[in-house]
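Notes to accompany the following structure.
The values are calculated or read from the model by the stated rules, or taken from the named source; none is laboratory data. Predicted model only: the values in this text are computed from it and were never measured. No Cβ is skipped: glycine too gets one built from the backbone with ideal geometry, and neighbour counts run over all protein chains shown. When the accessible area is computed, the model is the full protein with side chains, heavy atoms only, and any ligands, DNA or RNA have been set aside. Shrake-Rupley method; radii C 1.70, N 1.55, O 1.52, S 1.80 Å.
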Amino acid sequence: MSRPVFHSGFADEINLYLDYKIASGYTEKSFCIILKSFDSFCCQRKIDKAVFTRSDADVWAEKRKNEATTSHYARVNKVKNFLEYLSLKGYDVYLMHDVFFKATDFQPHIYTDDEIHRYFHAVDTYHSSINRMEDVQLPVLFRLLYCCGTRINETLGIKKSDVDLANGIIRLTEVKNGCERYIVLNEEMNRLMKRYADKTFYLLGDDDYIFASFAGRRRQGRRIYDIHRMILKKADIPFLGDGNGPRLHDWRHTFAVHSFKQMVDNGMDMYVALPVLSTYLGHKTIYATERYVRLTMSLYPYIEERFSHRFSEVFGKEASYGQTD
């Protein structure tokens, strides 16, 4: 994306900060939108010098009408990080307190083995009357969501140049936390990706998306969600609605639970399994992975019996979430 023009007293430092973040491996897009909003806020308050007072901070940190909790968390905390950067450079800026995201009692849908079998049978026998490429794309796309725990936008953002077929590695650049990461494919998934590449990659340039629309553009998550609803119906998996799913994002939750269970069943200690899973999912800390450990223990009592005392040692009785999934 082209970088916007900044106009406030922080304009020069915002550009330097973005350069610093990009050099550290983050994507510009993940910071630009919020920093442009911050720049506009400063212009409205006539801040023409790199000074940020407590009064400014109080107004910026206030939750806006109809603002989602996750959006409020990201807006405040990302600007707080920018202000900390300025403070280290000697600027007169007031440092805000962190906004914490508290977990709700929402329970994602964890697909059963039978549901997984029915769902992917429905995917493999799906036929699109709109885009014939979907018949080839969807078995690979949906298996990436489940087998690798990727988010839908991360998956749709994969370009040909991101795929290393020789080593079975895919780079994810359109990631939630701004810092790109890599996923490793198992042998079966890599064979599937190679077959898909044989059928489609010869049509693509290095910067083309591997799951393109009929017009050759990046696919939108809304269309994939609509297909997901059709697949659920075809697989005879009830859709509850009102956010209760089964949602497309629940494949990521299912991957995390099944992966943690598999590592534990293979004899891996929880202290080792947690950072492995946390890194693979792209979480900043193991505390963001806590919900998956809780889910796994609630679904498999023998794991709770084995690790409940150690769980408390790591997370305490009540953890605060510094990140959402």
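Computed values, structure above
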| item | result |
| --- | --- |
| Accessible area of region 202-300 belonging to carbon and sulfur atoms, whole % at 1.4 Å probe | 53 percent |
| Near-label residues of region 105-142 by backbone N, under 18 Å of a point 7 Å along Cα→Cβ of residue 204 | 131-142 |
| Accessible-area value, residue 179, 1.4 Å probe, nucleic acids and ligands omitted, Å² | 60 Å² |
| Computed lengthening from residue 187 to residue 132, 0.36 nm per intervening residue step minus Cα-Cα distance | 17.1 nm |
| Check: the chain dipole with +1 on Lys, Arg Cβ and -1 on Asp, Glu Cβ, in debye | 740 debye |
| At R0 = 45 Å, FRET efficiency that the Cβ-Cβ distance of residue 65 and residue 194 yields, to 0.05 | 0.35 |
| Accessible area expressed per residue, the chain, with surrounding protein chains retained (probe 1.4 Å, Å²) | 53 Å² |
| Heavy atoms of residue 121 accessible to a 1.4 Å probe, total area in Å² rounded to 10 | 110 Å² |
| Length added when fully stretched, residue 72-residue 302, from 0.36 nm per residue minus Cα-Cα | 79.0 nm |
| Exceeding the 30 Å Cα-Cα cut-off - candidates 65/261; 89/176; 63/284; 29/234; 63/234; 78/194 | 65/261; 29/234; 63/234; 78/194 |
| Extension reserve of the residue 173-residue 225 stretch, reckoned as 0.36 nm per residue once the Cα distance is removed | 16.6 nm |
